[in-house]
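One structure is given here, and the rest of the page talks about it.
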């Protein structure tokens, strides 16, 4: 017990645990707010400057803001233990996912406007290399954790409910 405060007729005891919990709750709320602001700000910048001369400079910055906000809101940042390992791996996973999923729309648009089969084959071949690398990243992460006998750490950092682990 750290202190006692009197409010009217009731006495409220302030314990060390309640101070820690209150601080962690405030930090968590701040982190969620900041991550949301990064994602929204990045999307607004990306959407409003995409067809301007500033797009070449603003687009990578906006994408980095969206990515940072996404990683900040992930389970890897919420964990206290092994955060130094999990955050970079989550970042790599999000980058790989963005490259693959983000590229699908452009693949379809490029194929729709391709004039001949040879051009379409070239487009599909290039996208396939990016897609294979994007799929390889999460697989390599999983294999790394399995080899290091950290599978429990890997599973605990994902969205799998604790009851299934």
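Go through segment 100-119 and give me each residue that's over 24 Å from the mean Cα position of the chain (by Cα), surrounded by 15 or more Cβ atoms within 10 Å (Cβ to Cβ) and part of a helix (DSSP H, G or I).
Let us first name the residues in segment 100-119 that are over 24 Å from the mean Cα position of the chain (by Cα), namely 108-119.
The next check asks that each one be surrounded by 15 or more Cβ atoms within 10 Å (Cβ to Cβ); those that pass are 110, 114.
Within segment 100-119, just 110 meets the criteria.
Which of the helices (runs of 4 or more DSSP H) found entirely inside segment 13-99 contain at least 1 residues meeting this: loosely packed, with under 13 Cβ neighbours inside 10 Å and modelled with pLDDT of 90 or more? I'd like the intermediate steps shown before the answer.
Details: elements: 16-49, 55-72, 75-78.
Output list reads 16-49, 55-72.
The values are calculated or read from the model by the stated rules, or taken from the named source; none is laboratory data. Bear in mind the structure is a predicted one, so any value in this text is a computation, not a measurement. A quick note on method: Cβ atoms are made from the backbone with ideal geometry, for glycine too, and the neighbour counts reach across all protein chains shown.
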